[in-house]
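Only one structure is covered here, and it is reproduced in the block below.
The values are calculated or read from the model by the stated rules, or taken from the named source; none is laboratory data. Here the structure is a predicted model, which means the values were calculated and not measured. Note: ideal-geometry Cβ built from the backbone for every residue, glycine included; neighbour counts use all protein chains shown.
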Amino acid sequence: MKKANLVMIVAALLILAPFFFPLWRIVLEAPQYPIPLGMDIHINKIVGIGEHDVQNINLMNHYVGMKNIPSHLAELDIFPAVIGTMAVLGLLIGFKGNYRWFFAWFLMMAVLGVLGLYDFYLWEYDYGHTLSPKAIIKFTNDDGTPMAYQPPLFGTEKILNFTIYSYPQLGGGLMILGVLTSLGAAVVGRVQTTRAAK
Amino acid sequence: MQKISPPSQGKAAWRKASRLLLGAALLTLPLGCGPKIGTESKGALAGNQAERVYVPPGKYDEFYAFLSGGFSGQLAVYGLPSGRLFKVIPVFSQDPEKAYGYNEETRPMLQTSYGFIPWGDAHHPDISQTKGELDGRWCFINENNTPRVARVNLSTFETDEIIEIPNAAGNHSSAFVTENTEYVVAGTRFSVPIPQKDIPIAEYKGKFKGSLSFLSVNPKSGEMDIAFQIRMPGFDYDLAHPGRGVSNGWFFFTTYNTEEANSLLEVNASQKDKDFIAAVNWKKAEEYLKAGKGKKERAHYAHNVYDENKHSAKTTWKEEVTVLDSSELPGLVYFIPTPKSPHGCDVTPDGEYIIGSGKLAATITAHSFSKMQKAIAEKQFDGEAYGIPILKYEAVNAGSVNKAGLGPLHTEFDGKGNGYTTFFISSEVVKWKIGTWEVLDRQPVFYSVGHLMIPGGNSAKPFGKYLVAMNKITKDRYLPTGPEVTQSAQLFDISGEKMELLLDFPTIGEPHYAAGIPADLITKNSRKIYKLEENTHPYAAKTESAARVVRKGNEVHISMTMIRSHFAPDNIEGIQVGDKVFFHVTNLEQDYDVPHGISMIGANTSELLVMPGQTETFIWEPKDVGVWPFYCTDFCSALHQEMQGYVRVSPRGSNVPMKFTLDGEILTAR
């Protein structure tokens, strides 16, 4: 088998990582939580880092009128199916295809990735901005607008007494690596092909 | 020294005078430089001591120290080296702060054959051991007034079990464990007729008896059971410690009042030159039991056990106890003569020497276990007392620490070959060498030390870094607080050749004795919350929708929940005057250190303090119609002040319907 095809197969396998490892982790640290609260977003569920962290995050957030973290997200229902399908496609392409197919797969994954991140962003926006009108504590920004509590999409941010860390975990990291690997496969494949043509 | 020369005729006289003055001045210099009487040394040394007891904010102490509360009835938890008080664990006395002995779930803990008793006298804590080493599972402690032994769970720091001791009055030589926690012992301080009967007090001698009880400890659950009692002569049994290593299988109890006096013991129990250490062969006792030599006697005593999942205690009544008669069973008990009204009976880490501190003598006596075995084999006896052989003193004696001090009480060991003994009358702690019996160091204490504690100092593996002296007289050591002042503990550094005083710290109640343990043996097992799914309390409500109010005749059972920051239900109607209202309250939190409390105006009991996942109950009997508030008593959240509710009480027989709501909504609908 050509080197590039092997690389493509590796890429297809790598994107299966989220089935085994968490995709993303959000950690909330506060003075009264020396052991921070946090949650791991897996491919099909949200799980607290400490056994009761999700319940305790909800309790903290209800004071400012935020809704509970859902036990069930519609996105997380279709996510396994989409990833699974792309992985199978990727393996087929890896066995039978050439660098053009690799690149096409890469583009599709990239588009799906951007869509996924945008969806995550929208969910976080809704979570942070949709506040109960009967919220116990209503903070306002300096400009008078009501404060919102949207966790960062990526990175570290301080909101009130909490410092929030939002970063990919092993599952997410390997998946991104897999997508980049498919690009690498396409490049290697193109180089190999042009060399063979000479 | 420059001096303007005076006129020539007085020159010689002035020179003489100035030399005298200079000499006098030089002589007075030392008076200003030396240490002032009554003050401690300052400067670099004091700074160094402060460093050794300072635990910076956010850091932990090295050791836990469990000090008995004595007449407070409780067990207090301190950190070493800081001396900070972390918790007062209620054991034998009611505690309204924690509702111990007030709430329905823990009232059974204080049940006895004399009825419910709200107080006890807690003397000697001892931590469980495995193969002679501290293991940090449980702490046992005795009650001296109504004889009982309690077991404190060192994962929850709560009292899980209290068992009463029958055929006993005063329980002093207790609650010490064997090397592998097979048994925890009890021993009577006051001999009484067994069974009790109407008899003139002056007929004490020969007719009053003592009991030494061996309680078996279940290795998994820790639950105790009186395996056997040894009927003993009417002496006073003072303290006890287990044999270990070479002396495994034996237990040693000091006695005083072998004179068998019944009045003015102060004088009449101090007449004999020697009393005894009773050496009990408990392995032999087990053999006698197997051979059917134990007699079952009728008794009536309480056994109270707290269930962590039900969050409730239950009293079981025991009706018999197995007795071994020491006067009839050879080889079970031997008496070792020991000067003079011995108090402490302490065994060296290797188990070879038994140290008797004769509180009315000036010496510490060391008995040798191997010599004792030889003396028994060769029948080197000096008569007997009530059928128990008295071993020849010289045959067992290994040596004495002579002229060590006045009034030796108690000894512990550092694991480096040294013993440390308290001297009450001369107010000092003395360090001496095991085997050579020579005094190595003595340090004054302030004032009049009772017992001392070295973590593990009563085990095969002591941790010889710190020593805590528990003093009986405080007087001027701290800011005064009126006539009644705290009792003072003192922390010494014993890691070097000489003992060094580091810290004074006040203690609750009266510490009689203490047990210390390295912190990490306990911290890794310390529970953070109770899991809601493990809660099997019959009236628990594990979700808000499960909260309910149920009427059973004129009893009303409210199953209420608490979570930041509201009760559910928080409005209740349909209660009537004369009802007996049970508030069964469940804390739904599953987060560390988020307790909630509850109290109701006019309830004739204490508040409840409920930990996450736990359910507790108090009773309220409304006497008047009206609308009555209840509220959360433990600051739980930003909205703690808003955490409250109301109960509407209607006249007896009214037809106001039973209704329980949160925010106007019937709970089952949520």
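Of everything listed in (1) outside any strand (DSSP E or B); (2) buried (at least 23 other Cβ atoms within 10 Å of the Cβ), the single unmet condition for B:GLY344 is (1). Counting only strands (runs of 3 or more DSSP E) that fall entirely inside the range B:89-205 and contain at least 2 residues that are surrounded by fewer than 19 Cβ atoms within 10 Å (Cβ to Cβ), the qualifying elements are B:133-143. Restricting the range B:627-660 to residues that are more than 46 Å from the chain's Cα centre (by Cα) and part of a strand (DSSP E or B), the residue that is nearest to B:MET560 (Cα to Cα) is B:LYS659.
Residues that are surrounded by fewer than 18 Cβ atoms within 10 Å (Cβ to Cβ) and closer than 21 Å to B:GLU97 by Cα within the range B:635-670 comprise B:PHE635, B:HIS640, B:GLN641, B:GLN644, listed in sequence order.
Comparison of A:PRO80, A:PRO70 shows that the only residue that is surrounded by fewer than 17 Cβ atoms within 10 Å (Cβ to Cβ), of a type outside the set (A, V, I, L, M, F, W, C) and in contact with a strand residue (DSSP E or B) (Cβ under 9 Å, 6 or more places away or on another chain) is A:PRO70.
For B:THR661, the criteria (1) free of Cβ contacts under 8 Å to residues at least 12 places away in the same chain; (2) more than 14 Å from chain A (Cβ to nearest Cβ) hold in every case but one, which is (1). Exactly one residue out of B:PHE253, B:PHE208 is at negative phi, assigned by TED's automatic domain parsing to the domain that holds B:ILE163, surrounded by 15 or more Cβ atoms within 10 Å (Cβ to Cβ) and more than 26 Å from the chain's Cα centre (by Cα): that is B:PHE208. For the range B:539-560, a residue qualifies if it is in a strand (DSSP E or B) and either within 14 Å of another protein chain (Cβ to nearest Cβ) or small (Gly, Ala, Ser) (or both), and exactly one does: B:SER559. Screening B:THR586, B:THR536 for residues that are crowded, with 20+ Cβ neighbours inside 10 Å and either more than 14 Å from chain A (Cβ to nearest Cβ) or within 27 Å of the chain's Cα centre (by Cα) (or both) leaves exactly one candidate, B:THR586. Only one of the listed residues (B:GLY464, B:GLY435, B:GLY450) is at positive phi and among the small types (Gly, Ala, Ser). That residue is B:GLY435.
A Cβ distance below 6 Å, combined with a sequence gap of six or more or placement on separate chains, defines the contacts here; from the range A:129-151, residues that are within 17 Å of A:LEU59 (Cβ to Cβ) reach residues that are small (Gly, Ala, Ser) and part of a loop (DSSP other than H, G, I, E, B) in the pairs A:LEU131/A:GLY65; A:SER132/A:GLY65; A:ALA135/A:GLY65. Might you let me know whether the range A:119-128 holds any residue that is away from chain B (no Cβ under 14 Å), surrounded by 14 or more Cβ atoms within 10 Å (Cβ to Cβ) and within 29 Å of B:GLY613 (Cα to Cα)? Looking for residues that are away from chain B (no Cβ under 14 Å), surrounded by 14 or more Cβ atoms within 10 Å (Cβ to Cβ) and within 29 Å of B:GLY613 (Cα to Cα), one finds at least one in the range A:119-128, hence yes. Those strands (runs of 3 or more DSSP E) of the range A:1-89 in which 1 or more residues are within 14 Å of chain B (Cβ to nearest Cβ) and within 21 Å of A:GLY155 (Cβ to Cβ) occupy A:24-30, A:33-41.
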